[in-house]
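The structure appears right after this line, and notes come after that.
Each reported figure results from applying straightforward, stated rules to the coordinates on display, with no laboratory input. The model shown is predicted, which means the values in this text are computed figures rather than measured ones. Don't worry about glycine lacking a Cβ; one is built from the backbone with ideal geometry, like all the others, and counts go over all protein chains shown.
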Amino acid sequence: MSEVQIRAMLNEDYDEVFAMWQITSKRALSQADRKEEIERYLHRNKGLSQVAVTDGKIIGTVLAGHDGRRGYIHHMAVLPQYRRKGIAKKLATTALEKLAGEGILKTHIFTYCDNSAGQGFWSSMGFQKREDIFVYSYEYDNEKLSEVDGNDI
Ligand SMILES: CC(C)(COP(=O)(O)OP(=O)(O)OC[C@H]1O[C@@H](n2cnc3c(N)ncnc32)[C@H](O)[C@@H]1OP(=O)(O)O)[C@@H](O)C(=O)NCCC(=O)NCCS
C-alpha cells in the first residue's frame, strides 16, 4: 500500500465519502448525512473532520465536531481492505488533536452495543466505556424525519 495521507475533509469529498459509508457505515446513516447537512457540519466545525487518502482514493473518515464544551466523533470508518493497519488510529488521533487545539479536552463517541470492532477500537484509543449513562434521543415532531432516521445516531 502506498503512503496514507490524513487531511481535513472538504465539501468536495462528499460524494466519495458517502459512497464509502455505504460500505462501512450503512446502519448509522440518516438524513443528517445528506450533502447539505454534512456541508453545514463541516462549516460549523472547520478543519476537524479528517479523511485518509492513498493513491488519490479516500479509504477512511472521521467526523469530529464540538458544541463549545465537549467533542463528538461520528462515522469513524475505514474500508475493509485497509483495516488493522493503524489508519483509524491516525484519523482519530488527528481529530482529537484538532479538538484539543480548540480547547476541547473531552470527547464522546456513540457505538452500537453489538459493534465489537468499534468498541475494540475505541477501547484501544483509551476511551472509557460509560456504564452510568443511557442515551436518550428526541425527534422533532416530523413524521418524515422519523421514517427516514430510524435507529441511527
Ligand atoms: C472500527 C474501524 C474504524 C477500525 O479501523 P482500523 O483502521 O482497522 O483500526 P486500527 O488499525 O487503527 O486499529 C487500532 C486498534 O484498534 C483495535 N481494533 C481495531 N479493529 C478491531 C476489531 N475489529 N476488533 C477488536 N479490536 C479492534 C485494535 O486494538 C487495533 O490495534 P491492533 O491492530 O494492533 O490490534 C473499522 O473496523 C471500521 O471501519 N469498522 C466499520 C465502521 C465502524 O464500526 N466504525 C466504528 C463506529 S463506533
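Go through 5-12, 93-100, 47-54 and give me the packing order, highest mean Cβ count within 10 Å leading. Provide the component values of the computation, followed by the final result.
Values: 5-12: 13.8, 93-100: 18.2, 47-54: 21.0.
Highest to lowest by the protection proxy: 47-54, 93-100, 5-12.
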Separation of region 119-143 and region 1-55 by C-alpha centroid, Å? 20 Å
Of Gly65, Leu91, Gln81, which is farthest on the positive side of the dipole of region 55-100, counting Cα position, with +1 on Lys and Arg Cβ, -1 on Asp and Glu Cβ, and the Cα centre as origin? Gln81
Find, among the trypsin sites (Lys or Arg not before Pro) in region 33-94, those assigned to loop by DSSP (not H, G, I, E, B) with at most 16 other beta-carbon atoms within 10 angstrom. Arg34, Lys46, Arg69, Arg70, Arg83, Arg84, Lys85
With DSSP loop assignment and no more than 16 other C-beta atoms within 10 Å, the chymotrypsin sites (Phe, Trp or Tyr not before Pro) in region 80-118 are Phe110, Tyr112
Per-residue ellipticity at 222 nm for the chain, helices alone: DSSP H runs ≥ 4 residues times -39500 (n - 2.57), over residue total, nearest 500 deg cm²/dmol? -10000 deg cm²/dmol
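How large is the dipole of the chain about the Cα centre if only Lys and Arg carry +1 and Asp and Glu carry -1, each at its Cβ, rounded to the nearest 20 debye? Show your work: numbers first, answer last.
Details: 21 positive and 22 negative charges, 154 e Å.
In debye, rounded to 20, the chain gives about 740.
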Please list, in order along region 114-131, the HN-Hα scalar couplings obtained from phi with the Karplus expression 6.51 cos²θ - 1.76 cosθ + 1.60 (θ = phi - 60°), rounded to whole Hz, x for Gly and Pro. 9, 8, 5, 5, x, 5, x, 5, 5, 4, 5, 7, x, 6, 9, 5, 8, 9
